[in-house]
Amino acid sequence: HQRWEAVADQDTAMAIMKRMENTTDSTYLAYADSAQLHRIIEFDAEFNSQSQMEGRIEYQEIYIDPEPFFVVTCFATNEAYIQSRRSESWDQEFDLLNRSNRYQLNFGLIKSNATVSVDQLVEYLENKEISEKDTYLQFILQGIVSYWAGDVSSAIDAFNKAIDENSDDGYTWLNRGVFKAITERVRENEQQIGIENANIQKVKVDYSDALNDMSQAILLRPKWAAAWYNRGNIKSYAGDYLGAISDYSKAIELQPLMAEAYYNRGLLLVFLKRTTEACPDLSRAGELGITPAYNVIKRYCK
């Protein structure tokens, strides 16, 4: 049991989260923001006087954020697992994975900016009494716990070990790719705020490793819509907007009801001033449940 406490001691995790909420330290602020994936495009939040009207979502003053990555996680509650299983991002391969593991662990996809109780997850895993001989599974679970505790570096280290042990699993490549992309996004944020904080040393931001990992996930699981969608997000961060649009399109081809792919593709098309193409995407995203799409439609789809 102590090994899970070593992975994510609750006091440490709570301290991290508290500091992210209250600190002015740029590194923690950068991570907190990057966990929500920042903004590909920062839309003007100032609407005309009608924006003060209440009760109509399209008139609210808002910032538009792209939808975040999907990551593979282990669910500590049946409720969270069932919710994931009902989502359009669900992949039937998870059914096989969940049936085949002897600990009856429930794996699935969740958005990378979700709120996950580290304490609850650690307690759940402790109760499963997972054998130390199952090192591959141990590495995966350590990486998942570390990520939700806010320790992305340790999460990457754990998935490095998992991939060293078994490089044929697309789930591990997907998660490591997301974690690497988030790390680079933190560095990119630090560059942006470096003028205000002379202690931050300028480093090169490079998404190539994250892209390579996600491409490997796609190679192993070419029909996995979430991997194509995630690679689209990484490409958008790297400034390859046309490549991102292509990946979002592939995700939609594989999963026609993936609202997140319609929405993010629509945002990029707006950014590229291709509003005639963007507006149907945003409308479809709204129909599928992403209500902020209607704010963008109100402003850019006349």
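The values are calculated or read from the model by the stated rules, or taken from the named source; none is laboratory data. Owing to the predicted nature of the structure, the values given are computational and were not obtained by experimental measurement. Neighbour counts run over all protein chains shown; Cβ positions are idealised from the backbone, glycine included.
For the reader, a short list of remarks on this structure follows.
- Number of residues in the range 280-292 that are under 12 Å from LEU267 (Cα atoms), modelled with pLDDT of 95 or more and buried (at least 19 other Cβ atoms within 10 Å of the Cβ) equals 3.
- Check on ILE156, in a helix (DSSP H, G or I), surrounded by 18 or more Cβ atoms within 10 Å (Cβ to Cβ), under 14 Å from the mean Cα position of the chain (by Cα) and modelled with pLDDT of 90 or more: no
- Top-ranked residue in the range 132-153 [being touching a residue at least 40 places away in the same chain (Cβ under 8 Å) and acidic (Asp, Glu); ranked as surrounded by the fewest Cβ atoms within 10 Å (Cβ to Cβ)]: GLU132
- Test set (1) of a type outside the set (A, V, I, L, M); (2) assigned to a helix (DSSP H, G or I); (3) more than 15 Å from the chain's Cα centre (by Cα); (4) under 26 Å from ASP91 (Cα atoms) - LYS223 fails condition number: (2)
- Residues (in a loop (DSSP other than H, G, I, E, B) and free of Cβ contacts under 8 Å to residues at least 24 places away in the same chain) located in the range 159-175: SER167
- Scope the range 235-249; condition of a type in the set (A, V, I, L, M, F, W, C), under 12 Å from ARG265 (Cα atoms) and either buried (at least 23 other Cβ atoms within 10 Å of the Cβ) or under 18 Å from the mean Cα position of the chain (by Cα) (or both); matching residues: ALA244, ILE245
- For beta carbons closer than 8 Å, sequence separation of 6+ or different chains, a first residue in the range 65-85 that is farther than 17 Å from TRP173 by Cβ and a second that is assigned to a strand (DSSP E or B) and among the small types (Gly, Ala, Ser), the qualifying pairs are PHE75/GLY108; TYR81/GLY108; SER84/GLY108; ARG85/GLY108.
- Inter-residue pairs, beta-carbon under 8 Å, first within 24 Å of TRP224 (Cα to Cα) and in the range 105-125, second among the charged types (D, E, K, R), 6+ apart: LEU105/LYS128; GLY108/ARG85; LEU109/ASP91; LYS111/GLU67
- Residue that is modelled with the lowest pLDDT [pool: residues in the range 159-213 that are among the basic types (Lys, Arg) and surrounded by 15 or more Cβ atoms within 10 Å (Cβ to Cβ)]: ARG187
- Per-region count, the range 250-270, residues surrounded by fewer than 24 Cβ atoms within 10 Å (Cβ to Cβ) and either part of a loop (DSSP other than H, G, I, E, B) or out of contact with any helix residue (DSSP H, G or I) (no Cβ under 7 Å at 6 or more places or on another chain) (or both): 4
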